Amino acid sequence: MIDIVETRDDLADLLNIRHSLLTYILYVAKPDSYYETFSIPKKNGDLREIEAPQRELKRLQKRLANELTAYQHYMYKQFEIKTNIAHAFIKGRSIITNARIHKNKKYIINIDLKDFFHTIHFGRVKGFFEKNEYYKLPSDVATIIAQLTCYQGRLPQGAPTSPVISNLICQIFDYRVLGIAKKYRLDYTRYADDLTFSTNRSEFWNEYQAFLSELAKEIKKNGFAINDAKTRIVKQESKQTVTGLTVNKKINVDRTFYRNTKAMTNCLYKIGSFTIDGQPGTLNMLEGRYSFIDQITRYNNKIEGKKPESRKLNAREKDYQKFLFYKYFFANERPLIVTEGKTDILYIKAALKKLYRKYPQLVIRNANGNFEYRVSFFRRTSRIRYFFQISQDGADAITTIYQLYAGKDDERNYYKKIANQTMRNAVIFLFDNETQNKKPLKKFIDVAKLNDTQKDNLRTKLYTRLLDNSKLFLATTPLPAGNRKSEIEDLFTEATRNTIIGGKRFSANDQHDTAQFYGKKIFSEFIYDHYDAIDFSGFIPLIDAINNAIQSK
């Protein structure tokens, strides 16, 4: 732990960095040389300057931030320290935990600190680690920590260490402000540079100026300054917000934020692009906004006792569902392969690694010897399962996704409209080649109503286009000679399938005897880990089919 660090070498060992490299960063290259600065727009039109550490220093700062966070948690538990003041950059806390303390109050007071990180200078950082009773590090070690975490003599906006260090340094400040809050019978929380106070006392309206004057003196004494332009007191009859969330009756997203997000999305669907605060937006930025909205929706559902599995999506969730479909299944940046199960993904990835020279369109090996896939694989995350109501594994999920493309009913005509436009990259549904009744491929063929030409393409080429003028494809595994069906495991040689692991043999049957056999999960992990020694010749027809589908016009 960091409290036992006595020397620079001890610190290097704690951070898992070579002693010589730490010396080089500190005294040869100098930490300030590792930063790049750029500006991003704020909501009010001003610019926020970001000072981002470059890779080598950033990696070191992340390790230090993790150590500081772990030690802080240890100390809180060791000394039973309980505080509910700071809510930013702390595991288990968020803008929601910050806002809920101030829900349904008569008065909300918002205070913003000016240049928060930049106010915490080199001397304050060094002094904290040198003098704080829980650290008391040697002076030279405290100096090194300040050197590694400060830029131009203060905490930078953009370094991974700035949040945890600012919280550590503000602990005493928070307790002093809490003392003032208790004097006026106010609740108090801090989210980084946002200070929030609230009360249901009607008398506080007459005490507000006295409170503000006393608070300003304490803030100044602690080396901070109030941003007067953002100081406000709001009555319950008006819209009350705490760190961007409305808190009048229940915690909610500001309606303007939601309307703007929806307008951006509609613009994206119509012309393929949108802006945020006058700057070009990205899909990830828009997903961040939807994720934020959804976080609040899920919180309120939980408070109201609504179980995810027993209710329908509300209007906001349906908007998020449409966006997720657009991002992952229509505007996908790389060709997407959707498999029946997770093990199929490992098989194909391993085959591509072994055969990378044959398929440079699908995978390359970079100068560092690492493989970079030029296709992506569909992952059934909890979010995807929830919004598309699909199981973690299984072919039924593919049918559900296909119906969104094809338009299952009037409510989903929206998806059909998008699918009739130009998809960015191919989406390939991959099934085991089993066309008997009740088998997944047969059921899918019936749902998709494949015509004779499509069925013939699937039989002869192992792939077929599913919808006219789209890049949506169905592919299947090749049939070994003389066989009428095949699973993806059948593409391995008999010797590979007979590999003994832990004294057990492989079984593709999900109901196998675990005392004698191991299943697909262990087999797929073995294939992936030992890909270079595996014969993947049986996969070549399948990968050819995938490649041909991607390349087809």
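Some notes on this structure:
- Hz values of 3J(HN,Hα) by residue in the stretch 109-114 - Karplus curve (6.51, -1.76, 1.60), Gly and Pro given as x: 10, 10, 10, 10, 8, 6
- Rounded to the nearest 10 Å², the accessible area of H102 at probe 1.4 Å: 0 Å²
- When the residues D432, D3 are ordered by accessible surface, computed with a 1.4 Å probe over the protein chains alone, the sequence from largest down reads D3, D432.
- Residue among L137, N301, L542 farthest towards the positive dipole end of the chain, charges placed on Cβ: N301
- Hydrodynamic estimate: the Kirkwood radius of the chain over Cα pairs, inserted into Stokes-Einstein at 20 °C and 1.002 mPa s, corresponds to D of 77 µm²/s.
- Relative frequency of Cα-Cα separations exceeding 23 Å in the stretch 144-242, percent: 35 percent
- Straight-line cross-link partners of K442 among the lysines, defined as a Cα under 27 Å from its Cα and at least 8 positions apart when in the same chain: K342, K349, K408, K416, K417, K455, K461, K471, K485, K520, K521, K553.
- Over all other residues within a Cβ to Cβ distance under 12 Å of K183, the charged ones net out to 0, with Lys and Arg as +1 and Asp and Glu as -1.
- Computed [θ] at 222 nm, deg cm²/dmol, the chain (DSSP H ≥ 4; -39,500 (n - 2.57); rounded to nearest 500): -13500 deg cm²/dmol
- The heavy atoms of H121 offer some 90 square angstrom of accessible surface to a 1.4 angstrom probe.
- Modelled label positions at Y208 and Q389, each set 7 Å beyond Cα in the direction of Cβ, lie 4.8 nm from each other.
- Within the straight-line cut-off of under 18 Å between alpha carbons, the lysines reachable from K91 are K62, K77, K82, sequence neighbours fewer than 8 places apart in one chain being disregarded.
- Protein-only accessible surface order, largest first, of E525, E237 at 1.4 Å: E237, E525
- Portion, in percent, of the accessible area of the chain that falls on carbon or sulfur, probe 1.4 Å: 47 percent
- Estimated D of the stretch 410-541 in µm² per second, where Rh is the Kirkwood radius over Cα pairs and Stokes-Einstein applies at 25 °C, 0.890 mPa s: 142 µm²/s
- Normalising the average separation of contacting C-alpha pairs (under 8 angstrom, six or more residues apart) by the number of residues puts the relative contact order of the stretch 425-553 at 25 percent.
- Alpha-carbon Rg/Rh ratio, for the stretch 78-185, with Rh computed the Kirkwood way: 1.00
- For K239, a cut-off of 22 angstrom between C-alpha atoms picks up these lysines, skipping any fewer than 8 places away in its own chain: K42, K43, K103, K105, K106, K230, K249, K250, K262.
- Legend: residues D32, D112, sorted from most to least accessible area (1.4 Å probe; ligands, DNA and RNA excluded), read D32, D112.
- Within the assembled protein chains, the solvent-accessible surface assigned to D10 is about 60 Å², based on a 1.4 Å probe.
- Taking every protein chain into account, the accessible area of the stretch 1-148 amounts to 54 square angstrom per residue (probe 1.4 Å).
- Relative contact order (percent, whole number), the chain, Cα cutoff 8 Å, 6+ residue spacing: 11 percent
The values are calculated or read from the model by the stated rules, or taken from the named source; none is laboratory data. Every value quoted in this text rests on a predicted model; they were computed, and no experiment measured them. When we count neighbours, we look across all protein chains shown, and the Cβ atoms used for this are built from the backbone with ideal geometry, even at glycine. Surface accessibility is based on the protein's heavy atoms, side chains included, excluding ligands, DNA and RNA. Shrake-Rupley method; radii C 1.70, N 1.55, O 1.52, S 1.80 Å.
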